[in-house]
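For reference, the structure is listed below as structure tokens.
What follows draws every value from the coordinates through simple rules; no lab data is involved. Remember, predicted model here, so these are calculated numbers, not experimental data. We place every Cβ from the backbone using ideal geometry, glycine too, and count neighbours over all the protein chains shown.
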Amino acid sequence: MKVIDLSHLLTNGMPVYPGTPPVVLQSMTSVASDGFNELQLQFTTHIGTHVDCPHHIMNDGFDTTAEIDHFYGKGIMLNCVSQGSSISLSFLKRNEKIIGTADFVLFCTQWDRNWLKPDYFGNFPVLSNEAAEYLVKFKLKGLGIDAPSFDTMNSTELPIHHILLNKGCILIENLTNLKSLPDAGFIFSCLPLKLENGDGCPVRAAAILDE
């Protein structure tokens, strides 16, 4: 068995979506003075590699306390580098057979190469509306992408989030290292903390491969 880490490091000074408070990790105790180390954490639910649950946009949508099966299942990776800023319906239709075998579809755009650069929150790739509508026809548990969001930076109504989350399809954003994955044959895991009313949560996303 091989496990591939698909998560960014959570640390002080890390990139956060514009307008989001910065991440603060503060040492409360130390081995030298107290005999043990303990951190105090301060951050919102949608920082770093994280999951969006339907409760993110719907009060009656399920949250991070949902059955754990929502966050674990058979994954596939689609290489979308050639798609530019819009992942199209025609591209998905060319991959229809493999999408039909999956619980989770991970879109490898390699935008994560910009993680520590000023333009990370720029013109990153997103699904077209038609592509999102097409995907909800499958029995998918979730979609993941190595970019900041499934909607563009200038979006205020979040149409892609609404199309997907309204159908109970969770979203995993700010993934990384997707280029290390095979096209199929792995289990994807994105287990969140069991937060009361958790609209989302940072996750340690990973792919588990049989070898």
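Mind checking the dipole of the chain: about its Cα centre, +1 per Lys or Arg Cβ, -1 per Asp or Glu Cβ, Debye to the nearest 20?
Details: 14 positive and 23 negative charges, 124 e Å.
Computed charge dipole of the chain: roughly 600 debye.
Taking the Cβ of Lys194 as the center, what net charge do the other residues with Cβ under 12 Å away carry, scoring Lys and Arg +1 and Asp and Glu -1?
-3
With the crude spin-label approximation of a point 7 Å out along Cα→Cβ, what separation in nm comes out for Val136 versus Asp5?
For Val136 paired with Asp5, the spin-label model returns 3.6 nm.
Please compute the volume of the convex hull spanned by the alpha-carbon atoms of the chain and report it per residue in Å³.
138
Would you mind ranking Glu130, Glu196, Glu38, Glu173 by Cβ crowding within 10 Å, fewest neighbours first?
With the fewest neighbours first, Glu130, Glu196, Glu38, Glu173 line up as Glu196, Glu38, Glu130, Glu173.
Lys/Arg Cβ at +1, Asp/Glu Cβ at -1, dipole of the range 91-188 taken about the Cα centre: which of Asn114, Val126, Phe186 is farthest positive-ward?
Phe186
Going Cα to Cα from Lys74, which lysines come in below 24 Å? Please leave out same-chain ones fewer than 8 positions away.
Correct list for Lys74: Lys2, Lys93, Lys97, Lys137, Lys139, Lys141, Lys167, Lys179, Lys194.
If each DSSP helix of 4+ residues adds -39,500 (n - 2.57) and the sum is divided by the residues in the chain, what number results at 222 nm, nearest 500 deg cm²/dmol?
-3000 deg cm²/dmol
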